[in-house]
Amino acid sequence: MTSSSPLVDLYRIDTSIKMLKQYLAEDDIAPLIDVLEALAADPRNEALLGQLSDVFNGLGFLQGAVLTYAPYVSIVLAGDLFDDMV
């Protein structure tokens, strides 16, 4: 099912990117920042949600820090999880 509405809230994605860049070492989370910036540029791209999930899963212990400074990431990931169940 295709939708013309964005899959993510652009303001919240932008805020998440800014918070992550401010509080975490950008080198450690560069792949995550790249995916979030790609989602901000193309908020209707469902393939990027899968990529976000893969990158987030690969962060290991940094997942907690990411969710601390960018809790919207968990909302995006949860939405993608539930969409896969339909």
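Contact map, the stretch 44-57: residues that are without any contact (Cβ under 8 Å) to a residue 24 or more places away in the chain paired with residues that are assigned to a helix (DSSP H, G or I) and β-branched (V, I, T), Cβ distance under 8 Å, separation 6+ or inter-chain. Pairs shown: L48/V35; Q51/V35.
Look through D28, D9, D14 and report the one residue that is at pLDDT 95 or above and not basic (K, R). So that I can check it myself, show each step before the final result.
Details: D28 fails: at pLDDT 95 or above; D9 fails: at pLDDT 95 or above.
Of D28, D9, D14, the one residue that is at pLDDT 95 or above and not basic (K, R) is D14.
With respect to the stated conditions, G58 fails to be open to solvent by less than 50 Å² (accessible area, probe 1.4 Å) and of a type in the set (G, A, S). Across the stretch 7-53, which residue is most open to solvent (accessible area, probe 1.4 Å) among those that are of a type in the set (S, T, N, Q) and in contact with a Phe, Trp or Tyr (Cβ under 9 Å, 6 or more places away or on another chain)? Only one residue tops the list, namely Q22.
Scan the stretch 18-27 and give yes if some residue there is in a helix (DSSP H, G or I) and either closer than 15 Å to G79 by Cβ or β-branched (V, I, T) (or both), otherwise no. Checked the stretch 18-27: no residue is in a helix (DSSP H, G or I) and either closer than 15 Å to G79 by Cβ or β-branched (V, I, T) (or both). Checking the structure you have, find out if any residue of the stretch 33-44 is closer than 13 Å to V66 by Cβ and not in a helix (DSSP H, G or I). Scanning the stretch 33-44, I find no residue that is closer than 13 Å to V66 by Cβ and not in a helix (DSSP H, G or I), so the answer is no.
The values are calculated or read from the model by the stated rules, or taken from the named source; none is laboratory data. Since we're looking at a predicted model, the values are computed, not measured. Ideal geometry is used to build each Cβ from the backbone, glycine not excepted, and the neighbour counts take in all protein chains shown. These area figures cover heavy atoms from the full protein model, side chains too; ligands, DNA and RNA do not enter into them. Shrake-Rupley method; radii C 1.70, N 1.55, O 1.52, S 1.80 Å.
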